[in-house]
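I have placed the structure first, in the form of structure tokens, so that the comments after it can refer back to it.
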Amino acid sequence: MIPVQAVEIYTSIALGNGRAALGVVIRDSDGQTLRVVGRTLRPASPDVVAYRAVLHGVWTAKRLGVRRIRVLTEHPKMVAQLRGDAEVPADLIGPYLQTKAMLNAYRWSSVELIPREQNAAAALVAAEALEREPVAPAADEDDFDVLPLWLSAERAAETVGHR
């Protein structure tokens, strides 16, 4: 099987009842859907959840062996920040740096703004994930929370304690 060289990563979020969820749809250049991911997350601001959605999509594509990515999202502040057109608030520095690092790991990457109507598949996946009961991730499930740059001080201490 020849690895996919380029993909489009559609990301969206859903918030409600003190919960957050992300939706990611990854498609190849022919429009074939390669991966669909919907996950509930710990409660966080919409901006943090939007960064986590992009990060999850970018990380998943990297694990597929992809070399070129085009990220499509409906979050204008995040797109402006990732393009260098807007300042990054202090509370978003961690997610911003993690996302930039992952984007730079590709031969080519772009982050683009699209209307929510054109992002319906990812928005639906996020909404469906939000409606499901939260489920603890399986031990072998990809968990981008354990990426070194993403660790909070508490999680880093837990990780060090378990070695």
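Considering region 80-105, the residues that are within 14 Å of PRO46 (Cβ to Cβ) and not in a loop (DSSP other than H, G, I, E, B) include one that is farthest from the chain's Cα centre (by Cα), namely ASP91. For THR60, the stated conditions do not hold, so it cannot be described as surrounded by fewer than 19 Cβ atoms within 10 Å (Cβ to Cβ), of a type in the set (Val, Ile, Thr) and at pLDDT 90 or above.
For every residue, the table says whether it meets (1) in a strand (DSSP E or B); (2) more than 20 Å from LEU124 (Cα to Cα); (3) open to solvent by 40 Å² or more (accessible area, probe 1.4 Å).
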residue	(1), (2), (3)
LEU22	yes, no, no
ARG27	yes, no, yes
VAL66	no, yes, no
LEU72	yes, no, no
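Only residues that are part of a strand (DSSP E or B), farther than 16 Å from ILE69 by Cβ and small (Gly, Ala, Ser): list them for region 1-20, please.
Quick first cut of region 1-20, residues part of a strand (DSSP E or B) only: 6-16, 19-20.
Keeping just the survivors that are farther than 16 Å from ILE69 by Cβ gives 12-16, 19-20.
If the condition is that a residue be part of a strand (DSSP E or B), farther than 16 Å from ILE69 by Cβ and small (Gly, Ala, Ser), then SER12, ALA14, GLY16, ALA20 are the ones that fit.
Out of region 74-93, which residues are surrounded by 13 or more Cβ atoms within 10 Å (Cβ to Cβ) and either out of contact with any Phe, Trp or Tyr (no Cβ under 7 Å at 6 or more places or on another chain) or closer than 20 Å to ALA126 by Cβ (or both)? Result: GLU74, HIS75, LYS77, MET78, VAL79, ALA80, LEU82, ALA86, LEU92.
The residue that is farthest from SER109 (Cα to Cα), among those in region 29-55 that are crowded, with 23+ Cβ neighbours inside 10 Å and touching a residue at least 40 places away in the same chain (Cβ under 8 Å), is ARG39. Among the residues of region 3-20, those identified as modelled with pLDDT of 90 or more and not aromatic (Phe, Trp, Tyr) are ALA6, VAL7, GLU8, ILE9, THR11, SER12, ILE13, ALA14, LEU15, GLY16, ARG19, ALA20.
The values are calculated or read from the model by the stated rules, or taken from the named source; none is laboratory data. This structure is a prediction, so every number in the text was calculated from the model and none was measured. FYI the Cβ positions are ideal-geometry reconstructions off the backbone, even for glycines, and counts take in every protein chain you see. In case anyone asks, the SASA skips ligands and DNA or RNA and just uses the protein heavy atoms, side chains included. Shrake-Rupley method; radii C 1.70, N 1.55, O 1.52, S 1.80 Å.
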